[in-house]
Amino acid sequence: MASLMQTAGFPLLYLPLLFFPSFNKQSPSSSNNITHYVVYFSLGCLLAIDNFMYTVGVKPLSISTYSLLCASQLVFNAVFSVVINCEKLGILTLNSIIFITVSASMVAIHPDSSETKRDEKNPVRKNEHTIGFISTVGASAGYALLLSLTQFSFDKILKKDRFSVVFEMQIYTSLVSSFVCLLGLFLSLEFMDLKSEMEKFDEGKVIYVVSLIGIALAWQICTVGVVGLIYLVSSLFSNVVSMLSLPFVPVVGVLLYEEKMDAIKVLAMLFTLWGFASYIYQQYLDDKKSKKKESQEIEDSESEV
């Protein structure tokens, strides 16, 4: 159910498409349509698997540990960006990758006092904790791959010059992902427990339903932003921007979930912030260099004239 809610809100994306009249224009040929459907189906299946792995990972881990482990997706994204999207990595970008990797590793090997406290009420076996760690890191790698493949699809396959393609990508991949999650929900017989789960929810049935609706809405807003940045800039830039809030998640865990903030988590947060700052500065230098090169080319062309 948690995995399903990450994509089930996609019908709402048809509303913004009313502001993009070009959506129904420039219809591709049937052969291109088949290729597009293959892209949407493949990315949708990968999205469903990735959402499920993230959901499995968050259960045995504290919210702060989980969020810092998710920082590893930036490392995977950098690798996939070089291999799939042929991007060049500067020194500061590599510095960013190293610091974020160290940050995630520190949290991974450090015993979490918040988890210890939580385990007194809801015991988590050691193998469950290991599965949670592996699932989270694996999901981070899968998500990074998904972002890079999405950029590749925009650049090499879809090749559309209108922003509505972002909504198309999100709608069709979410449709496939939702179908896969629904299939899993029924094949696993988990749907039989939904009624009791709703009844046992501490805040009541109404809040349970409202929570699901809120989750679905929030994920759609988030994902459109992520996919939109991939379309406009790159998958690596989109990943960095989407993860800027990550260092503050442990603070939210302290405020809302009574988790403890120890020295290792603080140091990991600082490392993550430094990694983000390094990447942003590298982007600034690259952009400055690109503009200088463009201006130089314009001056050369004018002098030739």
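The values are calculated or read from the model by the stated rules, or taken from the named source; none is laboratory data. None of the values given here were measured: they were computed from a predicted structure. Counting neighbours? That spans all protein chains shown, and the Cβs are built from the backbone with ideal geometry, glycine included. Just the protein is used for accessible areas: all its heavy atoms, side chains included, with ligands, DNA and RNA removed. Shrake-Rupley method; radii C 1.70, N 1.55, O 1.52, S 1.80 Å.
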Enter the angle in degrees (range 0 to 90, nearest 10) between the Cα long axis of helix 91-109 and the first principal axis of the Cα atoms of the chain, meaning the one along which they spread out most. 10 degrees
Please determine, in degrees from 0 to 90 and to the nearest 10, the orientation of helix 72-83 with respect to the longest principal axis defined by the Cα atoms of the chain, where the helix direction is its Cα long axis. 30 degrees
Would you work out the charge dipole size for the stretch 143-246 about its Cα centre, treating the Cβ of every Lys and Arg as +1 and the Cβ of every Asp and Glu as -1, and quote it to the nearest 20 debye? 420 debye
Ignoring GluC sites (Glu not before Pro) buried by more than 11 other Cβ within 10 Å or outside DSSP loops, the longest site-free run in the chain is 1-119
With every protein chain left in place, what is the accessible area per residue of the chain in square angstrom, probe 1.4 Å? 57 Å²
The chain: calculated mean residue ellipticity at 222 nm from DSSP helix runs of at least 4, using -39500 (n - 2.57): -24500 deg cm²/dmol
Quick calc, the chain, dipole around Cα centre from Cβ unit charges on Lys, Arg (+) and Asp, Glu (-), nearest 20 debye, gives 240 debye
Tell me, what ³J(HN,Hα) does each residue in the stretch 285-294 have, in order and in whole Hz, if you take phi through Karplus 6.51 cos²θ - 1.76 cosθ + 1.60 with θ = phi - 60° and put x for Gly and Pro? 5, 5, 5, 5, 5, 5, 5, 5, 5, 5
